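This report refers to the structure that appears directly beneath it.
The values are calculated or read from the model by the stated rules, or taken from the named source; none is laboratory data. In this text, all values refer to a predicted model and were calculated from it rather than measured experimentally. FYI the Cβ positions are ideal-geometry reconstructions off the backbone, even for glycines, and counts take in every protein chain you see.
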Number of protein chains: 4
Amino acid sequence: MSGNSIGKLFTVTTAGESHGAGLVAIVDGCPPNIPLTEADLQVDLDRRKPGTSRHTTQRREDDVVEIISGVFEGKTTGTAIALLIRNTDQRSKDYGNIAEQFRPGHADYTYYHKYGIRDYRGGGRSSARETAVRVAAGAIAKKVLAAQFGVKIYGYLSQLGPNRPSSFDATVIENNPFFWPCEADIPALENYMDNLRKSGNSVGAAVTVIAEGVPVGLGEPVFDRLDAELAHSLMSINAVKGVEIGDGFDCIEALGTEFRDEMTSTGGFLSNHAGGILGGISSGQPIVARIALKPTSSLRLEGRSINQHGEDVTVVTKGRHDPCVGIRATPIAEAMMAMTLLDAALRHRGQNQKI
Amino acid sequence: MSGNSIGKLFTVTTAGESHGAGLVAIVDGCPPNIPLTEADLQVDLDRRKPGTSRHTTQRREDDVVEIISGVFEGKTTGTAIALLIRNTDQRSKDYGNIAEQFRPGHADYTYYHKYGIRDYRGGGRSSARETAVRVAAGAIAKKVLAAQFGVKIYGYLSQLGPNRPSSFDATVIENNPFFWPCEADIPALENYMDNLRKSGNSVGAAVTVIAEGVPVGLGEPVFDRLDAELAHSLMSINAVKGVEIGDGFDCIEALGTEFRDEMTSTGGFLSNHAGGILGGISSGQPIVARIALKPTSSLRLEGRSINQHGEDVTVVTKGRHDPCVGIRATPIAEAMMAMTLLDAALRHRGQNQKI
Amino acid sequence: MSGNSIGKLFTVTTAGESHGAGLVAIVDGCPPNIPLTEADLQVDLDRRKPGTSRHTTQRREDDVVEIISGVFEGKTTGTAIALLIRNTDQRSKDYGNIAEQFRPGHADYTYYHKYGIRDYRGGGRSSARETAVRVAAGAIAKKVLAAQFGVKIYGYLSQLGPNRPSSFDATVIENNPFFWPCEADIPALENYMDNLRKSGNSVGAAVTVIAEGVPVGLGEPVFDRLDAELAHSLMSINAVKGVEIGDGFDCIEALGTEFRDEMTSTGGFLSNHAGGILGGISSGQPIVARIALKPTSSLRLEGRSINQHGEDVTVVTKGRHDPCVGIRATPIAEAMMAMTLLDAALRHRGQNQKI
Amino acid sequence: MSGNSIGKLFTVTTAGESHGAGLVAIVDGCPPNIPLTEADLQVDLDRRKPGTSRHTTQRREDDVVEIISGVFEGKTTGTAIALLIRNTDQRSKDYGNIAEQFRPGHADYTYYHKYGIRDYRGGGRSSARETAVRVAAGAIAKKVLAAQFGVKIYGYLSQLGPNRPSSFDATVIENNPFFWPCEADIPALENYMDNLRKSGNSVGAAVTVIAEGVPVGLGEPVFDRLDAELAHSLMSINAVKGVEIGDGFDCIEALGTEFRDEMTSTGGFLSNHAGGILGGISSGQPIVARIALKPTSSLRLEGRSINQHGEDVTVVTKGRHDPCVGIRATPIAEAMMAMTLLDAALRHRGQNQKI
């Protein structure tokens, strides 16, 4: 399979550019008889969509999704589900001046050299706009996981530049524009973001995503370990530069006696340093993954670069951009984890369940 | 494809358990006419093999590889290359007492629940012994990358518990049992490891792996981005809990102006925070990845767990184990990066090169 | 990958039902910089579309295709190409009476038992309407094959019920509604079809498809032999019950001395019984495949069947149907052969071409 | 995946050449807890192995298979099963004279031009010797199909040159060296083959393979239809030039009223022209496939060809060859059908079965 597909049994293939006609996904292998409407997908699309607060890009996209196929009388039929989201607010003229420039930190340079041609409008295929249709596809995966496997997935922004949550309250995550798990921190975060935006700069972030209720046994040794598949799917999100499972990089300085999650007959696992995965297979504990997202490179602050002719240029990115792409990344990370877990669940059922 | 294969065009499939008859790999899609002998593979196998210093497991495996097919008169023929490594030093009796126990932090529990059966001897399929044949397959990938694409891959231990290299000298990496890039640190490391071993405990580590000479253009948007594929392959190594590309998690606190790698016509890229990958495609800069390896859970220090009947047990792992699995992980990480880069290179050539 | 995709490097994924909103394809892995417009695709769509003569279904579909992505300023960009064809002439009411019946010879029974639900309107996903978007995707493959590999593909109806061409003239194939290679036969064929249509019955057919200019070397031993891949793709067309390469079933009674295609230094191959494929790899001769298409089961003549409740029913299919589905199958067979050859060409180039 | 693998969930990857060290298969995705020993595989290997009658090649290969991994205490563990068959009777010197010649009708020419190198000994990778390890892998699939799905597969030689069975009795198929279903025909067949062998020529054949007890619902629309997958796997067998499902090519002249398989509430399907597959999905009827195998091109009768330098040569193939490769093909066809059905069954279970 070429690069625009992910998953072996539950397979999502996407297409579409930032400033083209729209975004398409084909979701293949969805179990039948799952109630599904466009409204189900819209919930997560609305959580991700730009322009909902002053802290994200001011591009206005309604991100209305149409289900073209695979659903009949409100239920999935088991056949391929095609999704279409039309682009509505493309301002291609914003990009005329960078048609021949390689914006520093962007994919302009690599796409051009890979293909010898590139759609320069808003980054074309490399734009994070593509993730809208992932979120729609992920919402389908979430529904199936909940209906057939009892799995629930949620995420939150676990770091925004230097800011970390002062406390953790899952119930407040959806109540602020940051998916932040601590209500008391919000005024400081808003202040931080206002200053950042005014400075014209951007900053990185971390998102944590958790799956609860995962049955023991998901993940295929050895190369398609569940953690390897999660690393793949989460690293495929734009701007992600690192993926951790459980304690992640903190395991480097841990001793074996500290890290191994002991068990008792009455208490089950006594800790979850492993993040819910042992030997590449889900253990029944919550699966915990954390991703690092780099600061966007689209800045109105001047940067040095070259153009297609190899000449020095000074690049200023106008357009409309997120000062912290991590802020809208929580629903995307949830979507990727959902696709990966559902694929693993179907594969496990295929090999290991007797009729 | 089921879980024991990796790669789309350059595909490696492995089989074999810690205490079974041996390990097998089928390497499919290798370009033809590449000179290849068993000695080529043995070099990396010897770098990885146990028992070469007192700091690794004392299990003695010669890890002699036989090329069963795919090579004719010293050259690859383009057909499938089968590799066989016989196991020779299995002491299955070491494991009799854990036949029904789930060692804490191990895959015993998850394999048993996934499959309803497990080969408990030395972890069976979940053992890191499986990585021997990955290293052999990776050596083939390295040869092709060097011959056809000018790519050179090397790695080193970049952290051992709390110890970090005091300085960096690539020329000393192969001169010590740790793949450590600073000669002056070796006595302290040996001392640290001696104490750790005596304590019966284990510790985590980090390995950094680098590819130089990578042509611009490798990696398939959007799901099979080169960084996503690397995250997959590196996270598929036993004990790995985190993967970073370039600055990795340090990007969280970075500002956009700091992180974006600027370019000039004379100097090319002025920095490499991105780790050689932009938009999921290689930029021509060195590709830099870092992985975190957890401390092994096989300890002679007692741990609480349960057995297959759900009863509390106290587990002591005898066997022969590495106090720090990261020490032997450098050749494995190189092998995985090599497979992934070669697969990306062949895919790129397939789509984008004219005849 | 789930079942709605075909191809490893040049991958086509389709979605859509007969009476849903429309048909979608995502064409992934297309080489960049190939000139491509919707008009290029429309040519083949118009060759396949229904209602162009009295000998095919009277359903009227314009089959207008929209390229949603992957093309910029008239050229492919190397990224995923999404295609959309809206359905416009669905008369779902034609199907109300068969909502709970299993039409004999149709997929109604098997879809219902596989999924526990089915979109009964016009056969839903099992309808040959799905092939419209295959034809559009195949037209892209044809363009690339011609531009980069010098391959030309064409097909013709080689049998219509008991009728076989009296002579062969490739230049007349496109001049009649049957894709028939003998002009003199047309009046008799029209008469045959008029009688068939009046009788309310249907009949089978055979289509031959040929690729000329195929370079030697395409096809991957051993399972992905070129003939095996062609058998897969051609048998995936609705109603196909048999696939032959070269002499096909005639080889059973042939002697070795008759069948083996001898060569001379001046004349090259002296015959082409093998149909252009030796050992699963293209030989440089024309590739010749022939498929058998069953008579459509949608008849206004009564048939015995059962309904979803297991009760006996008498089924009469109203709707609008082709009395011989083979008549419109030539462009579909060409499309499938084109996809398969291009995929093989890209895979071959990936493994075997040096940069 | 490269070309040496088949199957999505139940995946078989093979390696090995005619005159190399041996043959290897990795069988991935096998359900756990299936009793399995080498003796189970040997049964089918012995049915296929050469030298059991005067009507097949006199090469003597014991074809003893070793299970290297994936089986523990007599049961499959769910992990990858590696199989090894050593070659023992290679007479490479038989091939010295054809090292630079392209035998007419063979893969010599195409392998050489594809890869620029070839293992000329006995056809190397293109030899039908490779099918030994397919038969071993297929025996595993048969066991799982029987144990978990109630499926039974058997085949027979349905045509040998111009000879067709005079009657059909399934119980005699295993009692003669031809897998022939009519005992009375055997003397005439032996006589036919004796004459053919003396003449130095070869002839084609047809094999029919049948699966009984197949549950309704196997096969993935639209490209991975069960018939398309069967066509792929059966056409991947050496020498196969055609594949039919059910009535196959006879459907061309059939009327719709004749071909569609009607049903009644008491009698179920009243006929099986479709060969057990409707819309690409198994219907619950027996699955019937038929393949055409060309006459072997390895003849001691002179043939015209060219050598690697483009010069005319006269080729005489000494070696030891089957005068009718179809005679030993029945177990191979069974093996391929078994792999394909099991893969389809696991995929179906993954998507459609609730836990």
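Descriptive notes on the structure:
- Scanning segment A:159-177 for residues that are touching a Phe, Trp or Tyr at 6+ places or on another chain (Cβ under 7 Å) and within 17 Å of residue A:52 (Cβ to Cβ) returns A:160, A:173.
- Any hit, segment D:248-258, residues being buried (at least 24 other Cβ atoms within 10 Å of the Cβ), in contact with a Lys or Arg (Cβ under 8 Å, 6 or more places away or on another chain), assigned to a loop (DSSP other than H, G, I, E, B) and at the interface with chain C (Cβ under 7 Å from one of its Cβ atoms): no
- Residues of segment B:232-247 that turn out to be among the small types (Gly, Ala, Ser), facing chain A (nearest Cβ under 7 Å) and within 25 Å of residue A:272 (Cβ to Cβ), as a count: 2
- Filtered residue count, segment D:68-89, keeping only those that are facing another protein chain (nearest Cβ under 7 Å) and either free of Cβ contacts under 8 Å to residues at least 40 places away in the same chain or among the polar types (S, T, N, Q) (or both): 5
- Filter pass, residue A:185 being farther than 27 Å from residue A:138 by Cα and among the acidic types (Asp, Glu): yes
- Residue D:176, sole failed condition from (1) surrounded by fewer than 22 Cβ atoms within 10 Å (Cβ to Cβ); (2) more than 25 Å from residue D:285 (Cβ to Cβ); (3) in contact (Cβ under 8 Å) with a residue 40 or more places away in the chain; (4) polar (S, T, N, Q): (3)
- Condition met for residue A:54 (among the charged types (D, E, K, R), in a loop (DSSP other than H, G, I, E, B) and surrounded by 20 or more Cβ atoms within 10 Å (Cβ to Cβ)): no
- Pick from segment A:23-37, criterion touching a helix residue (DSSP H, G or I) at 6+ places or on another chain (Cβ under 9 Å) and of a type outside the set (A, V, I, L, M), ranking: surrounded by the fewest Cβ atoms within 10 Å (Cβ to Cβ): A:35
- From the options D:216, D:222, residue that is under 30 Å from residue C:106 (Cβ atoms), within 14 Å of chain C (Cβ to nearest Cβ) and surrounded by fewer than 20 Cβ atoms within 10 Å (Cβ to Cβ): D:216
- Within segment A:23-51, the set of residues being in a loop (DSSP other than H, G, I, E, B) and at pLDDT below 95 comprises A:49, A:50, A:51.
- Within segment B:97-109, tally of residues that are assigned to a loop (DSSP other than H, G, I, E, B) and either buried (at least 18 other Cβ atoms within 10 Å of the Cβ) or at the interface with chain A (Cβ under 7 Å from one of its Cβ atoms) (or both): 6
- Against the list (1) surrounded by 17 or more Cβ atoms within 10 Å (Cβ to Cβ); (2) of a type outside the set (S, T, N, Q); (3) at the interface with chain D (Cβ under 10 Å from one of its Cβ atoms), the condition residue C:116 fails is (1).
- Strands (runs of 3 or more DSSP E) enclosed by segment A:273-355 - at least 1 residues per element that are touching a strand residue (DSSP E or B) at 6+ places or on another chain (Cβ under 8 Å) and surrounded by fewer than 21 Cβ atoms within 10 Å (Cβ to Cβ): A:303-306, A:312-315
- Complete set of residues in segment A:4-20 that are free of Cβ contacts under 8 Å to residues at least 60 places away in the same chain and under 18 Å from residue A:230 (Cβ atoms): A:5
- Scan of segment B:21-51 for residues that are touching a residue at least 60 places away in the same chain (Cβ under 8 Å) and within 14 Å of chain A (Cβ to nearest Cβ), ordered by number: B:23, B:24, B:25, B:27
- Among the residues examined, residue C:287 does not qualify as at pLDDT 95 or above, touching a Phe, Trp or Tyr at 6+ places or on another chain (Cβ under 7 Å) and closer than 23 Å to residue C:342 by Cα.
- Of all residues in segment C:52-67, those satisfying the criterion of being in contact (Cβ under 8 Å) with a residue 40 or more places away in the chain and within 14 Å of residue C:136 (Cβ to Cβ) are C:61, C:63, C:65.
- Any hit, segment D:181-197, residues being at pLDDT 95 or above, touching a helix residue (DSSP H, G or I) at 6+ places or on another chain (Cβ under 6 Å) and either at positive phi or assigned to a helix (DSSP H, G or I) (or both): yes
- Count of segment D:110-129 residues which are touching a residue at least 40 places away in the same chain (Cβ under 8 Å) and in a helix (DSSP H, G or I): 9
- Residue list for segment C:57-74, restricted to those being crowded, with 18+ Cβ neighbours inside 10 Å and not in a loop (DSSP other than H, G, I, E, B): C:65, C:67, C:71, C:72
- Residue D:163 of a type in the set (S, T, N, Q) and more than 10 Å from chain C (Cβ to nearest Cβ): no
- Residues that are within 7 Å of chain D (Cβ to nearest Cβ), hydrophobic (A, V, I, L, M, F, W, C) and assigned to a strand (DSSP E or B), drawn from segment C:259-272: C:263
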